[in-house]
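Undergrad: Attaching a single structure in structure tokens format; questions to follow.
The values are calculated or read from the model by the stated rules, or taken from the named source; none is laboratory data. It should be emphasised that the depicted structure is a prediction, and the values quoted were computed from it without experimental measurement. Here the Cβ is made from the backbone with ideal geometry for all residues, glycine too, and neighbour counts use every protein chain on show. Please note that ligands, DNA and RNA were not included when accessible areas were found on the heavy atoms of the full protein model with its side chains. Shrake-Rupley method; radii C 1.70, N 1.55, O 1.52, S 1.80 Å.
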Amino acid sequence: MSPEERHFQEKVDAEVRIEPKNWMPDGYRKTLIRQISQHAHSEIVGMLPEGNWLSRAPSLKRKLQLMAKIQDEAGHGLYLYSAMETLGADRDEEIEKLHRGEVKFSSIFTYPTLTWADMGAIGWLVDGAAIVNQVPLQRCSYGPYSRAMIRVCKEESFHQRQGYEILLTMMREGTDEQKEMVQDAINRFWWPSLMMFGPSDENSPNSAQSMAWKIKRHGNDELRQRFLDQTVPQLEFLGCTAPDPDLKWNEETGHYDFGEIQWQEFFDVLKGHSPCGVERIQQRKKAIDDGQWVRDAAVAYADKQKANAA
Amino acid sequence: MSPEERHFQEKVDAEVRIEPKNWMPDGYRKTLIRQISQHAHSEIVGMLPEGNWLSRAPSLKRKLQLMAKIQDEAGHGLYLYSAMETLGADRDEEIEKLHRGEVKFSSIFTYPTLTWADMGAIGWLVDGAAIVNQVPLQRCSYGPYSRAMIRVCKEESFHQRQGYEILLTMMREGTDEQKEMVQDAINRFWWPSLMMFGPSDENSPNSAQSMAWKIKRHGNDELRQRFLDQTVPQLEFLGCTAPDPDLKWNEETGHYDFGEIQWQEFFDVLKGHSPCGVERIQQRKKAIDDGQWVRDAAVAYADKQKANAA
Amino acid sequence: MNNDQALTEYLLRLADTDMVLAQRFCEWCGNAPALEEEVAMMNVGLDLLGQARNWYDYVAELRDDGHDADFLAFRRNEREYRNLLIAEQPRGDYAVTTAKQFFFDVWHHLVLTRLTESSDERIAGIAAKGLKEATYHRRRSTEWMLRLGQGTEESHRRLTDAVQNLWRFTCELTDTDEIEDQLAEAGIGAGNVGDAWRAEVARVFAEAGLELPEPARHFYMDGKNGKHTEHLGFLLAEMQYLPRAYPDATW
Amino acid sequence: MNNDQALTEYLLRLADTDMVLAQRFCEWCGNAPALEEEVAMMNVGLDLLGQARNWYDYVAELRDDGHDADFLAFRRNEREYRNLLIAEQPRGDYAVTTAKQFFFDVWHHLVLTRLTESSDERIAGIAAKGLKEATYHRRRSTEWMLRLGQGTEESHRRLTDAVQNLWRFTCELTDTDEIEDQLAEAGIGAGNVGDAWRAEVARVFAEAGLELPEPARHFYMDGKNGKHTEHLGFLLAEMQYLPRAYPDATW
């Protein structure tokens, strides 16, 4: 270990945040760029499954909430890309990589949203899982990422409560058809939410290094269990069930046991054999391509203004 | 009058049909090309206000009927363009003139269709007026046009009955909201239908020559009155009213009297200041422009097939 | 028409226009030309939707017939909607949306400014809140008019096309009908803002290098009285689908 | 699932697929690349809509629960619809519509051919009538596959793109599930036509100069059991708007 590396690791170990101008190992930089860009991409692509119901939101209140939520997500994308750019990466280049399929976004967003209840299920389960993943990132060793996460987590908690409230309203005050919609949404989003934590730690080769660098602070299985333990009582309170016959409270461990995750689906999705990942990327790419002339005009105008001012 | 002209006029007077290979005066040819092309354009543009409700037709039966009707209209467009081509005009050129705004289509199709009841009102009133205009054209002196009209009139009568039946069903079996829709549709289409016969004969400079050539056999006012006389009893049978306080039966003349037509609206529409004439032409132009590559491919393929066969 | 009836008609025009514009912004979600515009458009859409709700709430109170704001937004048909025609025009490309918003924003800002002085305090209050938002909206769309008008050849061409296509609908921004005149007379409504609108539009057109068309004059269509272009029906079919499909549901 | 339940599910797949395809043809109205295609597409759409009605009528009789064919078409939601995923894909350009119809038509022709020999006479009768139409449809879309595949560089490129985008949905044309197998076993349904489909598609691809992709394999989506792409909801919102908005109306 070089003196720089040792010094870096000492700072990390002492919980001192690494800032953009500090020396950092190449691997640390690359790991963070990959992680933050994936995270940013996921915020942006994650707008689409919700955007799919924005024009069909069933009341003024729900439409306002959903617009605000999606706006927050676009905002999160912006902070995260900024955090990523402090590491020397370029936003446009990273977005192009996304569009060329060279980098990933969270696989959960390749699932279609088929009914309005999915807006509740995404808020509750997907944002819920995201928060469990992200809370420890508020203490991530990289300063800009850590600070972005503090802001993101606060808003996500709000979204999660709103999502849950959507489902609760439908279960408490809704018609039978609405209750069916809720259960159906849970059936479809349950397992994909559990998969959001990634494969078991023994199958996650990068975990150990990320832990040492304090980018990551908990194992995937630990976070998944934490999510599950907080979610099952909420599920019961809703009056719904999980599509998992093996789900039950384990007195001994003090945790919920659950069935085996079908990782084949997860790996299929990662390999592009996903429900509507193709459509998601096509839509994003089209937005950016169609917007080229707009961005060009803005640049040309700014240049003219500058020239006139000079 | 040249001998050819005299011979031509004698044939016309004797009710002998003029056929494509016969000699005919230039003015006769031009008048017919203008009239038939406008007629053909009107069939094609006339598909659009109905097409606007095709995807929202409220039952399987009504959807089938409307599709069949629109298909018939496309068919009418095809015969009429064929009849026009026997006069030496070119379909594509005439269509380009339409798209450039150099030739007109029936102004009735610049009105928007705002509710499903408009499908009934168009069938009953608009097709009704068209039939009154077209029945005499079955005896038009130009053979191909006359024969096309015989076929067109038969189908139009069927459409008119269907349109009336749409309204009758809504009035007899419908809810109050549906009955309002019917009256509202009649309110909007009543005057424009009466305008379909064109201004009074004294203001129609070409009428006399067209009469002599037996392209036209009745004055505009005469046809308008015929339409009105047949339509008012149907209106009463529906249980609806016309938006014309002056409409009433005149024992003396044996016809219905009616209020003054606001010709300003008609002339405005002709001058392009129309409800949605712009949209109609834009849609037609876009269809033809977007279809260029398809037609090119068909031609290229046919050429290759021919080359291979040779 | 008495003032009460005129008032609910008038408020529905404001409400429906906001609502329909907000719906068009919803269609931009995920399709904006840049992430910053994604945020900005969602923001404007949110503002307009919030204003729509405020107006609808007031109409519901005035009518007091058991129907709430959601009913007004989601259960009235295309002949009952009272929005300005320009609001319902398809979002088109970014030039169309820019021109549409600019024409509306100039009008909206003028109208809300006057409404802050309405003798109806509820209206004055809603307008005052909305005016802050509308001021930002107008600044934003004016900036984009300049950027697109003065940007590249392509952006100038697209903006010119957009203006040409939308211009005829601006007659509803400069003309008023009896209802509007009556309420202005009564010190309640904003009245005619045509002169100020034309002046501001001319100013921005000059700066953006755009040719100012002849004033648009009224034609057959009349959004304020429910005679809409064919676009509105499709917009409502999508927007109202769930409340229509599940009339007894609570969301 | 007993044979009766399986049968109504099976028939709904046929009906809904026809219905959704017909709806996509409605969207072409006024937008076709040539007048002759306007007539031809409306014709195919009419045939499919007529077949949909025949199947719906039969389902309504079998279920005998007071709901008629219109109810089945206009009052079931996106999770209840049973159409093949390929049917609901947006109409796209003419290459997309051509490829979509071709894939469907080859399947449809094979299925109807087998169904003419169904032990259920009603099915055999409907299929026999539909088969004549489907034979024409298949000939027509095959011809267009050749024209576009062999036409110009642009048409070839567009068709290749269309095939690439649509191909993954063809797994539903070549695979069968339990319901289909059960009914084939019982001599009622058409069973699996995958081999014949692949052979015919390969033949036409070769002639059209197109590259044949690897067989599509099942993924998460499952139209036959109501797990649709996001396109279907919008299609139904538009198609069902009037019956949803006026539930008590008679049209």
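Undergrad: In this structure, does B:LYS104 turn out to be open to solvent by 10 Å² or more (accessible area, probe 1.4 Å) and outside any helix (DSSP H, G or I)?
TA: Yes, satisfied.
Undergrad: So which residues in region A:49-74 are within 30 Å of A:ILE33 (Cα to Cα), open to solvent by less than 10 Å² (accessible area, probe 1.4 Å) and at the interface with chain C (Cβ under 7 Å from one of its Cβ atoms)?
TA: Result: A:MET67, A:ILE70, A:ALA74.
Undergrad: So the check is Cβ under 6 Å with 6+ separation or different chains; which pairs have a first residue in region B:233-253 that's within 21 Å of B:PRO192 (Cβ to Cβ) and a second one that's among the polar types (S, T, N, Q) and at pLDDT 95 or above?
TA: What qualifies is B:CYS240/B:GLN183; B:PRO243/B:ASN187.
Undergrad: So is C:ASP181 at pLDDT 95 or above, within 14 Å of another protein chain (Cβ to nearest Cβ) and either loosely packed, with under 15 Cβ neighbours inside 10 Å or assigned to a helix (DSSP H, G or I) (or both) or not?
TA: No: the conditions fail for C:ASP181.
Undergrad: Now a separate question. Filter region D:26-69 down to the residues that are at the interface with chain B (Cβ under 8 Å from one of its Cβ atoms), over 30 Å from D:GLN5 (Cβ atoms) and assigned to a helix (DSSP H, G or I) and list them by number. Reasoning before the result, please.
TA: To start, the set of residues in region D:26-69 that are at the interface with chain B (Cβ under 8 Å from one of its Cβ atoms) comprises D:26-27, D:29-39, D:42-43, D:45-46, D:49-50, D:52-53, D:56, D:69.
Of the ones still in play, those that are also over 30 Å from D:GLN5 (Cβ atoms) are D:26-27, D:29-39, D:42-43, D:45-46.
Residues satisfying the conditions are D:CYS26, D:GLU27, D:LEU35, D:GLU36, D:GLU37, D:GLU38, D:VAL39, D:MET42, D:ASN43, D:GLY45, D:LEU46.
Undergrad: Within region C:224-241, which residues are within 17 Å of D:GLU238 (Cα to Cα) and either assigned to a helix (DSSP H, G or I) or small (Gly, Ala, Ser) (or both)?
TA: C:HIS231, C:LEU232, C:GLY233, C:PHE234, C:LEU235, C:LEU236, C:ALA237, C:GLU238, C:MET239, C:TYR241 - these are the residues of region C:224-241 that are within 17 Å of D:GLU238 (Cα to Cα) and either assigned to a helix (DSSP H, G or I) or small (Gly, Ala, Ser) (or both).
Undergrad: Restricting the first residue to region C:154-169 and requiring it to be free of Cβ contacts under 8 Å to residues at least 60 places away in the same chain, which pairs with a second residue that is part of a helix (DSSP H, G or I) and surrounded by fewer than 19 Cβ atoms within 10 Å (Cβ to Cβ) meet a Cβ separation below 9 Å and a spacing of at least six or different chains?
TA: Once the first residue is free of Cβ contacts under 8 Å to residues at least 60 places away in the same chain and sits in region C:154-169, its partners that are part of a helix (DSSP H, G or I) and surrounded by fewer than 19 Cβ atoms within 10 Å (Cβ to Cβ) give C:GLU154/A:ASP296; C:ARG168/B:VAL278.
Undergrad: How many residues, within region B:139-157, are outside any helix (DSSP H, G or I) and either closer than 20 Å to B:ASP127 by Cβ or touching a Pro at 6+ places or on another chain (Cβ under 6 Å) (or both)?
TA: 1
Undergrad: Looking only at residues in region C:114-154 that are of a type in the set (Ser, Thr, Tyr) and outside any helix (DSSP H, G or I), which one is least open to solvent (accessible area, probe 1.4 Å)?
TA: Going through region C:114-154, the residues of a type in the set (Ser, Thr, Tyr) turn out to be C:116, C:118-119, C:135-136, C:141-142, C:152.
Now narrow it down to the ones that are outside any helix (DSSP H, G or I): C:116, C:118-119, C:152.
Values: C:THR116: 44, C:SER118: 13, C:SER119: 79, C:THR152: 41 Å².
Looking at the filtered set, the residue picked out is C:SER118.
Undergrad: If I filter region B:255-308 down to residues being of a type in the set (D, E, K, R) and open to solvent by less than 40 Å² (accessible area, probe 1.4 Å), which single residue comes out as farthest from the other protein chains (Cβ to nearest Cβ)? Before the answer, list the steps.
TA: Initial filter on region B:255-308 (of a type in the set (D, E, K, R)): B:257, B:260, B:265, B:268, B:271, B:279-280, B:284-286, B:289-290, B:295-296, B:303-304, B:306.
From the residues that got through so far, the ones that are open to solvent by less than 40 Å² (accessible area, probe 1.4 Å) too are B:268, B:279-280, B:284.
On the way: B:ASP268: 7, B:GLU279: 7, B:ARG280: 9, B:ARG284: 7 Å.
Step by step, filter region B:255-308, then rank; the result is B:ARG280.
Undergrad: Based on what the data block shows, is D:ARG244 more than 10 Å from every other protein chain (Cβ to nearest Cβ), over 19 Å from the mean Cα position of the chain (by Cα) and assigned to a helix (DSSP H, G or I)?
TA: So D:ARG244 fails the test.
Undergrad: Output yes when any residue across region B:190-200 is among the hydrophobic types (A, V, I, L, M, F, W, C), more than 23 Å from the chain's Cα centre (by Cα), more than 30 Å from B:VAL16 (Cα to Cα) and not in a loop (DSSP other than H, G, I, E, B), and no when none is.
TA: no
Undergrad: Taking region C:83-109 only, how many residues are of a type in the set (Lys, Arg), within 14 Å of another protein chain (Cβ to nearest Cβ) and within 12 Å of the chain's Cα centre (by Cα)? Explain how you work it out, then say what you get.
TA: Residues of region C:83-109 of a type in the set (Lys, Arg): C:91, C:100.
Checking the rest, the ones that are also within 14 Å of another protein chain (Cβ to nearest Cβ) come to C:91.
Those left that are additionally within 12 Å of the chain's Cα centre (by Cα): none.
So the count comes out to 0.
Undergrad: Checking B:GLN160 against (1) over 27 Å from B:ALA74 (Cα atoms); (2) crowded, with 21+ Cβ neighbours inside 10 Å: exactly one of these is not met. Which one?
TA: Looking at each condition in turn, B:GLN160 falls short on (1).
Undergrad: Do you know which of the residues in region C:70-81 that are buried (at least 24 other Cβ atoms within 10 Å of the Cβ) and in a helix (DSSP H, G or I) is nearest to the other protein chains (Cβ to nearest Cβ)?
TA: Only one residue fits best here, namely C:ALA73.
Undergrad: So which residues in region A:201-215 are open to solvent by 50 Å² or more (accessible area, probe 1.4 Å) and assigned to a loop (DSSP other than H, G, I, E, B), if there are any at all?
TA: Within region A:201-215, A:PRO205, A:ASN206 meet the criteria.
Undergrad: All but one of (1) more than 10 Å from chain D (Cβ to nearest Cβ); (2) surrounded by 22 or more Cβ atoms within 10 Å (Cβ to Cβ) hold for B:THR86, so report the exception by its number.
TA: For B:THR86, the exception is condition (2).
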